[in-house]
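The values are calculated or read from the model by the stated rules, or taken from the named source; none is laboratory data. Remember, predicted model here, so these are calculated numbers, not experimental data. Positions of Cβ are generated from backbone atoms using ideal geometry, with glycine treated the same way; all protein chains shown enter the neighbour counts. Ligands, DNA and RNA are stripped out before the accessible areas are found, and what is left, the full protein with its side chains, is counted by its heavy atoms. Shrake-Rupley method; radii C 1.70, N 1.55, O 1.52, S 1.80 Å.
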Amino acid sequence: METVLRRLALYESAAQEALDVLTAFHKLAVASVIDIAKLMATLSGTPARVLDPLTGESARSESGASWSPSKAPVRLTWPCAPVLAGEPPAMWLEREDELRVLDAAILQAAAEAMLSLRGESDPPAEELTDILIDVLTASNPIKQEKAIERIALHPASLCRVVAQPGNVAQILVSPPRGPLAAPNTPLMTSLAGHRIGISPLSEARELPNAWKKARTALAFAAAGTASDPGAQLVPFEDLGVWADLVPQRHPDSNPPSDVQAINKLEDEASWAIQTLAALTESTSVREAAARLFTHHSTIQARQAVLEKRLGWNVATPAGRTRTSMALALRRYLLHPVSDEPPKSANPPVLFVSPDPPSSGQDRYL
């Protein structure tokens, strides 16, 4: 961006202002979020505020010299930016006008400064993983409480644990209390396209149990491919009775006969698993065809072949339940729960901003 701005500065005064912003941030020896907020206010000529998503520390500056913790509400119409793409906003300029080139440059430079600050203050990746292991698996309450403090949490902080393939763990602090699957939120956007298991809302001191539940949910998360169709993000609350049934089954034991029959179908036809999933999740053949962007007559023909191979009718209530259960257990066996210790995501802790209220334009940090 700096190279582009240098070229544009030859012709456009706004680009020169933006270049001056980058230069000012490069010269700043950033020590805290207070320094970043002060420089943002000085360069923009408007009050600015900054929130560190990892520690929860916040600062607000009006003139560049004075500052205070940012306890007042944030306006959703203010120019803002996250530290990293996919995270909630972490810095704001308190102005209502159109976004200027200068504003965009200040927000980007502030985000880079926050990354620099984060890099200087965070423990090395290996140490983060060690801390996370103590938080998520420690049987010693004193050791766990010390680890919780090291990641800037309180034992009573409300959290969810996100489990990802490879035993990667991330702690979401102050996540929504309701359903997590609301589309187009920063959180859901950042998790989209990956196999994800999410624990129920728990206090930080209960995170070891939450981590177990997140891993169980991950086992039921599909890859989203033709051979492994289904939901890629699975909250533990959605498992229902499966949460009690699957721990009793060893993943190395032979699959039930219905699962073996479905696996055999996959060897015979690449479309078999995806078609079965669509039929069990739909109320009609036409709806299943629409899900697969295929003509309904093709799905009817496939259904006849599948039922002949399986030996049961997948369209009846009993057959639909039987097929759905076999597909769910097959998915669990494809992704068995690992007993390996957790590894740290980056960042290991994500402070999730609450959803904006239904009326008005204010959001409290």
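Return the pairs, sorted by first residue and then second, in which the second residue is outside any helix (DSSP H, G or I) and open to solvent by 10 Å² or more (accessible area, probe 1.4 Å), the first residue lies in the range 256-276 and is over 15 Å from ALA226 (Cα atoms), the beta carbons are less than 9 Å apart, and the residues are 6+ apart or on different chains.
Once the first residue is over 15 Å from ALA226 (Cα atoms) and sits in the range 256-276, its partners that are outside any helix (DSSP H, G or I) and open to solvent by 10 Å² or more (accessible area, probe 1.4 Å) give ASP258/TRP312; GLN260/ASN254; ALA261/GLY311.
For the range 255-287: of the residues being in contact with a helix residue (DSSP H, G or I) (Cβ under 7 Å, 6 or more places away or on another chain) and in a loop (DSSP other than H, G, I, E, B), which is nearest to LEU333 (Cα to Cα)?
PRO255
What about THR189, is it at pLDDT 90 or above and outside any loop (DSSP other than H, G, I, E, B)?
Spelling it out, it is not the case that THR189 is at pLDDT 90 or above and outside any loop (DSSP other than H, G, I, E, B).
Working carefully through the options ALA290, ALA315, find the one that is in a helix (DSSP H, G or I), under 23 Å from ALA222 (Cβ atoms) and open to solvent by 40 Å² or more (accessible area, probe 1.4 Å).
Among ALA290, ALA315, only ALA290 is in a helix (DSSP H, G or I), under 23 Å from ALA222 (Cβ atoms) and open to solvent by 40 Å² or more (accessible area, probe 1.4 Å).
Residues to consider are VAL241, VAL349; find the one that is modelled with pLDDT under 95, loosely packed, with under 14 Cβ neighbours inside 10 Å, β-branched (Val, Ile, Thr) and closer than 30 Å to PRO208 by Cβ.
VAL241
So, in the range 293-312, exactly how many residues are open to solvent by less than 70 Å² (accessible area, probe 1.4 Å) and not β-branched (Val, Ile, Thr)?
So the count comes out to 11.
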